[in-house]
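Data block below; observations after.
What follows draws every value from the coordinates through simple rules; no lab data is involved. Everything quoted here is computed from the prediction, not taken from an experiment. Cβ coordinates were reconstructed from backbone atoms using ideal geometry, including for glycine residues, and neighbour counts include every protein chain displayed.
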Amino acid sequence: MLTQLDGDVLTLLTQAEEQGDRPSKDELVALVAAALVGGTETTVHLICFAMHNLLRSPAALAEVRREPARRERHRGDAPSRQLRQAGIPRYALEDVRFRGARFRRGQRVMAVLRSALRDEAVYPRASAFDLRRGADTGIAFEGGAHYCMGVALARLEGRIAIETLLDRFPDMELAGPALFASHPSFREMTSLPVRLRPLNG
């Protein structure tokens, strides 16, 4: 039983209220579960995908080493295209037409973000790893009511991890192919073999 309330995220969730409506016990359990998974697994894989992209792209890796400012940009591009779920169920809030298709209010829609992030009409060379595409052109952290509440922490963790790896192991290279597994929510990298040579030998 919770006896002491602090200013942490879980406490804020238990105290959340909108127009007098508070989440039920089941809703709180679902929110906490989503926060725990979203705050651990997804960040780990984002870091893995970012490093995998760099180690497969010698020119991009050299550019990131030469210009540290590029490190912020590369984390938001290809990782978001590779990590995203196959599809996320959503409901239309109003009648709308989109690219010739009509969606009625209340209709269930499966948003296939992995496909949307490769839309050549929006992202030229969408499947390519492009440092210049920038960190904010994708929807890796979604938006609106579904915007990731841990986005600032995820970006901070990613920045620290990637900068530390690049600085500590300047000669890091792939030692074999990455391995992937099926996951109900996102693409999961289970192994990223690398060869490390410390800066001091």
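Structure notes:
- Footprinting exposure proxy for 157, 94 (fewest neighbouring C-beta atoms within 10 Å first): 94, 157
- Sorted ascending by nearby beta carbons within 10 Å, beginning with the fewest, 52, 146 become 146, 52.
- Fewest-first sequence of 14, 43, 164 by Cβ atoms within 10 Å of each Cβ: 164, 14, 43
- Here's the picture: charge each Lys and Arg Cβ at +1 and each Asp and Glu Cβ at -1 in the stretch 15-58, and of 53, 15, 36 the one pushed furthest to the positive end of that dipole is 53.
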